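Before any comments, here is the structure.
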Amino acid sequence: MHINPTPDQQQRFMEMPDLGTLFMINMLKFKSDGLEKYQAYVKAVSPLIKEVGAEMVWSGQPMGMLIGPTDEVLWDAVLIVKYPNKMALAQLGGHPDYPGHLRTDALVDSRLIASTSMDLI
């Protein structure tokens, strides 16, 4: 299970080029009481997200697999947070008031995918 980044993952993230706006795709699997705990995390982290110049741009609940393995368990929620740059995310994680324990208490598994914009259309 993957809840928090390893030191190696943190180092690789910091070595990635800073291409400006960063979208973090959060794929979340909650513990049995995790939804309520994650909502408490979101409430606590929201002012800090704004403080670093970021914003939560979308959240949703997966409904079903259209293309892909049908035997995989879907994530409970997907959340996209837009950061002005990768350093804003690092600043958020290092903030003295960052409520990481609430996130850890809520999740049984997660994936965070750092993404940049790409013109496909």
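Observations on the structure shown:
- Working note: Debye formula, equal point scatterers on the alpha-carbon atoms of segment 7-48, no solvent; log10 I(q)/I(0) at q = 0.14, 0.16, 0.28 Å⁻¹ is -0.55, -0.69, -0.98.
- Distance from the alpha carbon centroid of segment 2-35 to that of segment 86-116 works out to 6 angstrom.
- Over the chain, the fraction of Cα-Cα pairs per 5 Å bin, rounded to whole percents and listed from the shortest bin up, is 2, 10, 18, 24, 22, 14, 8, 2, 0.
- Only the Cβ atoms of Lys and Arg (+1) and of Asp and Glu (-1) were treated as charged; on that basis the dipole of segment 26-86 about its Cα centre amounts to roughly 260 debye.
- Inverting the pair-averaged 1/r between distinct Cα atoms of segment 24-84 gives 13.0 Å as its Kirkwood hydrodynamic radius.
- Considering only M14, M65, M56, the mean-square fluctuation computed in a Gaussian network model of the chain, springs between alpha carbons under 10 angstrom, is largest for M65.
- Nearest-10 value in Å² for the accessible area of H2, using the 1.4 Å probe: 100
- Which of G34, F23, L48, positive extreme of dipole for the chain (C-beta unit charges): L48
- Against the compact-protein benchmark of 2.2 N^0.38 Å, the Cα-based radius of gyration of segment 75-121 scales to 1.40.
- Across the chain, the relative contact order, built from alpha-carbon pairs under 8 Å that are at least six residues apart, equals 49 percent.
- Theoretical gain in end-to-end length, H2 to M14 [0.36 nm per residue, Cα-Cα removed]: 2.4 nm
- Rounded to the nearest 20 debye, the dipole magnitude of the chain is 160 debye, with +1 charges on Lys and Arg beta carbons, -1 on Asp and Glu beta carbons, and the Cα centre as origin.
The values are calculated or read from the model by the stated rules, or taken from the named source; none is laboratory data. What you see is a predicted model; the values in this text were computed from it and never measured. Positions of Cβ are generated from backbone atoms using ideal geometry, with glycine treated the same way; all protein chains shown enter the neighbour counts. For the accessible areas, the whole protein counts, side chains as well, though only heavy atoms, and no ligand, DNA or RNA atoms are used. Shrake-Rupley method; radii C 1.70, N 1.55, O 1.52, S 1.80 Å.
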